[in-house]
Amino acid sequence: MTEEDIHKILLDLGSKEPEQDKNGDLKFTTVCHGGTKHKLYYYHESRQFHCYTDCSDNLDIYEVVIRTKKEQGVDVTFPKAVEYVSRVTGKTRGFGYTGLKSNKDLINDWDFISKFSRKAKSDRTLPSYNENVLDVFMSLPHESWLEEGISYETMEKYEIGYYFREKEEGIVIPHRDINGRLIGIRRRSMIQEQVDAGYKYMPLTVGNTMYNHLVTANLYGLNHTAEAVKRLRKLMIFESEKSVLKCQDFYGELNFTTAICSSNISDFHRDIATSLGIEEVFIALDKMGYEEDEEKFEKKEQEYQERILKFAKKFAPYCRVYVLWDDEGLLDWKDSPADRGKEVLEEMMKNKTEITMEGAI
């Protein structure tokens, strides 16, 4: 797809004329979430978008269409987004694909991408921080995590500590990239007012330095688990760091898990994962929250399922993809599949759903 095609599509979606950055990459207005600033960048080398405001996400052209149409009050499926792109650019759908169809079961028909070649990997090296900052933390396990079943040995292995300063008290979680470089530090606040206000997990600030990093460009724990992932050729993706720690105690050196530290699996996450030679990926995100209103619950459930399936779509061309749904009511609302112990996790593994190019098995 040419830059001219991208230009046509974005203008049709409602963007203003693009600006250019110093590298010649196009900057469109953030139609993906209804914004007006030129913060939706299109990187011509990777052919990917990145929204630098509300979305904070990497997007392909089809995801831009889906999100923009949703902002405009129109729900568009992935095949319909492909159809829209074809119509606007005047190009036919290739790869031997002969037709598009809707699917009420939320599984997109991905036959048309069955001949995709593996994408070139995106290379994003995050800046690192001075290791000396780790010396200011207390190397003591917090009793609440011990009570959840995370051992002292595991917390020591993953450098979990404690930081006690006014307004910054909390459990310290250093983040390293796959090569062991310190790229960020997150804090699990133990100040109830911050937790109640939605600031349970935040980048840690020490002195005048905030130890933040782009969580969409790193997978937590791979500095410890990558060898098992490569050996077993499988990867389980959780939301939170705690799930990786719990699996360290469950499986030791056979721990093949990682965490995205958010509710979004980015293209960079996929690229890191597939670079390890995986043949299977297991998507094990937290169970959705509960809504008392039946209509709101059904809408929330549908959005949750669509989001999980969108993530599966990222991996489907490259490896076998499984989703861990809690169909048996084994988890409480918002639980991780690892929260109820090894037996529950393995029961969910037995009942996993495979997502293929054709749909669910």
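Quick notes on this structure:
- Scanning region 288-315 for residues that are among the basic types (Lys, Arg) and more than 26 Å from Ala228 (Cα to Cα) returns Lys296, Lys299, Lys300, Arg307, Lys310.
- Among the residues of region 224-269, the one identified as of a type in the set (Lys, Arg) and crowded, with 23+ Cβ neighbours inside 10 Å is Lys246.
- So Ile185, is it closer than 24 Å to Phe164 by Cβ, buried (at least 17 other Cβ atoms within 10 Å of the Cβ) and modelled with pLDDT of 95 or more: yes
- Filter result for the condition that a residue is over 26 Å from Tyr201 (Cα atoms), free of Cβ contacts under 8 Å to residues at least 60 places away in the same chain and among the acidic types (Asp, Glu), over Asp293, Asp286: Asp293
- Applying the condition of being in contact with a Gly (Cβ under 8 Å, 6 or more places away or on another chain) and outside any loop (DSSP other than H, G, I, E, B) to region 129-173 and asking which residue is surrounded by the fewest Cβ atoms within 10 Å (Cβ to Cβ) yields Met138.
- Restricting the first member to region 135-150 and to residues that are closer than 17 Å to Val206 by Cβ, and the second to residues that are surrounded by 12 or more Cβ atoms within 10 Å (Cβ to Cβ), the beta-carbon pairs closer than 6 Å and six or more apart or on different chains are Phe137/Gly161; Phe137/Tyr163; Phe137/Val172; Met138/Gly161; Met138/Tyr162; Ser139/Gly161.
- The set of residues from region 285-341 being under 19 Å from Lys352 (Cβ atoms) and aromatic (Phe, Trp, Tyr) comprises Tyr304, Phe311, Phe315, Tyr318, Tyr322, Trp325.
- Residues of region 226-236 satisfying the condition of being farther than 23 Å from Trp325 by Cα and touching a helix residue (DSSP H, G or I) at 6+ places or on another chain (Cβ under 7 Å): Ala228
- Some residue of region 203-219 being closer than 21 Å to Phe250 by Cα and either surrounded by 14 or more Cβ atoms within 10 Å (Cβ to Cβ) or in contact with a helix residue (DSSP H, G or I) (Cβ under 6 Å, 6 or more places away or on another chain) (or both): yes
- The set of residues in region 248-270 that are over 27 Å from Glu306 (Cα atoms) and either assigned to a helix (DSSP H, G or I) or in contact with a His (Cβ under 6 Å, 6 or more places away or on another chain) (or both) comprises Gln248, Asp249, Phe250, Tyr251, Gly252, Glu253, Leu254.
- Residue match in region 335-344 (condition: out of contact with any strand residue (DSSP E or B) (no Cβ under 9 Å at 6 or more places or on another chain), in contact (Cβ under 8 Å) with a residue 40 or more places away in the chain, among the acidic types (Asp, Glu) and not in a helix (DSSP H, G or I)): yes
- Any hit, region 322-330, residues being crowded, with 16+ Cβ neighbours inside 10 Å, charged (D, E, K, R), in a helix (DSSP H, G or I) and modelled with pLDDT under 95: no
The values are calculated or read from the model by the stated rules, or taken from the named source; none is laboratory data. These figures come from a predicted structure and were not determined experimentally. Reconstructed Cβ throughout: ideal geometry from the backbone, glycine too, with neighbour counts over all protein chains shown.
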